[in-house]
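The values are calculated or read from the model by the stated rules, or taken from the named source; none is laboratory data. Being a predicted model, the structure only gives us computed values, none of them experimental. FYI the Cβ positions are ideal-geometry reconstructions off the backbone, even for glycines, and counts take in every protein chain you see. For the accessible areas, the whole protein counts, side chains as well, though only heavy atoms, and no ligand, DNA or RNA atoms are used. Shrake-Rupley method; radii C 1.70, N 1.55, O 1.52, S 1.80 Å.
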Amino acid sequence: MSFTLPSRSPSGPRRRSLLASAAGAGTALLTGCSASDSSSETTKEAPSAADRARARAARDSEGLAERYAAVLAAHPALASALTPLRAEVVRHAEAFGGGKRASAAPSASASSASSSPAASASAPAESVPAREEDALAELASAERALADRRTKALEELPGELARLLASVAAAGAVHVFLLTEGGK
């Protein structure tokens with residue numbers, strides 16, 4: 001049995017004309033949407049939200065590096081344990097596009113903490129506990145809180161930034177372990 005096509009064309013619009021109409025309508029819709037204010041705001045908000053999250057992560061890492069610097073200034077005997085951790089925190093700030101405040105040497109950063117209002121608000125040398133154990137516990141608490149905040153923020157971030165933030169949060173969790181259990 002052979003199949004033959006009907007000799008006359010089917011009634012109604014042809015496929016090409018439907019596709020052309022759909023393409024024209026789609027272009028009109030896209031043009032209309034791109035001209036609207038609400039769509040352009042949404043487009044602009046996505047990158048700016050990521051930029052804000054990146055800047056916040058950089059500031060958080062810079063503040064944490066300043067805390068490490070203050071503890072190092074108050075407890076120089078902890079330098080062998082804290083200097084590598086602080087260096088990692090500085091690299092985290094740099095990975096997020098910051099690090100200018102955090103990259104100063106620990107002694108310079110601790111001495112500037114009392115003169116700079118922003119630095120003194122985040123980690124003044126006077127607020128470092130007198131006992132080394134208490135200072136380490138305070139650093140561990142700061143690392144834990146920051147790692148928790150970063151983990152919660154992951155859902156709202158685009159892929160690459162979320163992966164970076166997850167990696168830095170995991171490093172913070174390791175720092176907590178090293179500060180609390182690592183020396184035992």
* In this structure, is E41 open to solvent by 40 Å² or more (accessible area, probe 1.4 Å) and at pLDDT below 95? -> yes
* If you go through region 82-117 one residue at a time, how many are modelled with pLDDT of 95 or more and part of a helix (DSSP H, G or I)? -> 14
* Residues of region 75-95 that turn out to be farther than 17 Å from L146 by Cα and open to solvent by 50 Å² or more (accessible area, probe 1.4 Å), as a count -> 6
* Quick check, is A166 over 22 Å from T83 (Cβ atoms), out of contact with any Gly (no Cβ under 7 Å at 6 or more places or on another chain), open to solvent by less than 70 Å² (accessible area, probe 1.4 Å) and not in a loop (DSSP other than H, G, I, E, B)? -> yes
* Asked: Quick one: in region 169-184, which of the residues that are without any contact (Cβ under 8 Å) to a residue 12 or more places away in the chain and part of a helix (DSSP H, G or I) is farthest from A55 (Cα to Cα)?
  -> F177
